[in-house]
Structure formats: C-alpha cells, structure tokens
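Enquirer: Sharing a structure below in structure tokens format, with a few things to ask.
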Amino acid sequence: MYRFAVLVTAPLAGTTWAAAETIDVKYYGKMDLAPFACTDVSRSSFINRACYDKSKQLMLVQLRSVYYPYCEMPAAVFEAFLAAPSMAAIQ
C-alpha cells in the first residue's frame, strides 16, 4: 500500500494546484493557467480574480464565475488595474 501511495503522489510532488489549473475562458475555451500570474481579488464584489501572462500580454479577469480575456494588455495597465482605488473605474 505504501508503494502505491508513493507511485501516485511522486509525480505531483513538484506541482502546485495553480500550475495545474485549467479554466474555461469566454470566447476562448479551455486555458491552462500555468503561464499566468494570478491574484485573488477580495475588495470587489464583482471581480474575483485577475491573471496575467506577460509574454502574451493577456489578462484574464474572473467576473463572478466567468473568466473574460483582455488581449494586448501591457503589464503597466494590468498593474494599474490591480492598484486602482475602484477596479471597475479603471480606463
């Protein structure tokens, strides 16, 4: 039994849940969050999470339970979005 447990858990030893997370993105379908840096948002009643892939300049924003893509998003705009006093008011 111990040997079975080691065989099952060994491949997962270096994997985090964030790295193995796959989500549905509106208009895109399934996407792996491994290349994204994600931030949970607790100060908004509408926005739950924001993720950013710097190499693709792609931002994903989880509005309630749906992820929406925002393409060609410079890193500075993503950082301003996270730091804005009101996340819904950023332009």
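Enquirer: Could you check how many residues of the range 48-91 are buried (at least 17 other Cβ atoms within 10 Å of the Cβ) and hydrophobic (A, V, I, L, M, F, W, C)?
Expert: The number of residues fulfilling the criteria is 9.
Enquirer: In addition: May I ask you to list the residues in the range 53-79 that are among the small types (Gly, Ala, Ser), modelled with pLDDT of 95 or more and more than 15 Å from Pro35 (Cα to Cα)? Let's see the steps before the verdict.
Expert: Looking only at the range 53-79, we keep the residues that are among the small types (Gly, Ala, Ser), and these are 55, 65, 75-76.
Narrowing further to those that are modelled with pLDDT of 95 or more: 55, 75-76.
Passing the criteria: only Ala76.
Enquirer: Does Ala34 count as in a loop (DSSP other than H, G, I, E, B) and either among the hydrophobic types (A, V, I, L, M, F, W, C) or in contact with a Cys (Cβ under 6 Å, 6 or more places away or on another chain) (or both)? Break it down into steps so the answer makes sense when it comes.
Expert: Numbers: in a loop (DSSP other than H, G, I, E, B): yes; either among the hydrophobic types (A, V, I, L, M, F, W, C) or in contact with a Cys (Cβ under 6 Å, 6 or more places away or on another chain) (or both): yes.
So Ala34 fits the description; yes.
Enquirer: What tally of residues in the range 32-64 results from selecting those that are among the small types (Gly, Ala, Ser), touching a residue at least 12 places away in the same chain (Cβ under 8 Å) and more than 18 Å from Thr22 (Cβ to Cβ)? Full working, then the answer.
Expert: Initial filter on the range 32-64 (among the small types (Gly, Ala, Ser)): 34, 37, 42, 44-45, 50, 55.
Restricting the remaining residues to those that are touching a residue at least 12 places away in the same chain (Cβ under 8 Å) gives 34, 37, 44, 50, 55.
When the remaining residues are screened for being more than 18 Å from Thr22 (Cβ to Cβ), the result is 44, 55.
Of the residues in the range 32-64, 2 are among the small types (Gly, Ala, Ser), touching a residue at least 12 places away in the same chain (Cβ under 8 Å) and more than 18 Å from Thr22 (Cβ to Cβ).
Enquirer: Pairs, please: C-beta under 8 Å, at least 6 apart or cross-chain, first residue within 10 Å of Tyr52 (Cα to Cα) and aromatic (Phe, Trp, Tyr) and in the range 65-87, second at pLDDT 95 or above and surrounded by 10 or more Cβ atoms within 10 Å (Cβ to Cβ)?
Expert: Note: pairs meeting the criteria are Tyr70/Leu58; Tyr70/Met59; Tyr70/Leu60; Tyr70/Val61; Phe78/Ala50; Phe78/Tyr52; Phe78/Met59.
Enquirer: So, in the range 65-77, how many residues would count as being under 21 Å from Glu21 (Cα atoms) and either aromatic (Phe, Trp, Tyr) or out of contact with any strand residue (DSSP E or B) (no Cβ under 7 Å at 6 or more places or on another chain) (or both)?
Expert: Total meeting the criteria: 5.
The values are calculated or read from the model by the stated rules, or taken from the named source; none is laboratory data. Nothing here was measured: the structure is a model prediction, and the numbers come from that model. Positions of Cβ are backbone-derived with ideal geometry, glycine not excepted, and every protein chain shown enters the neighbour counts.
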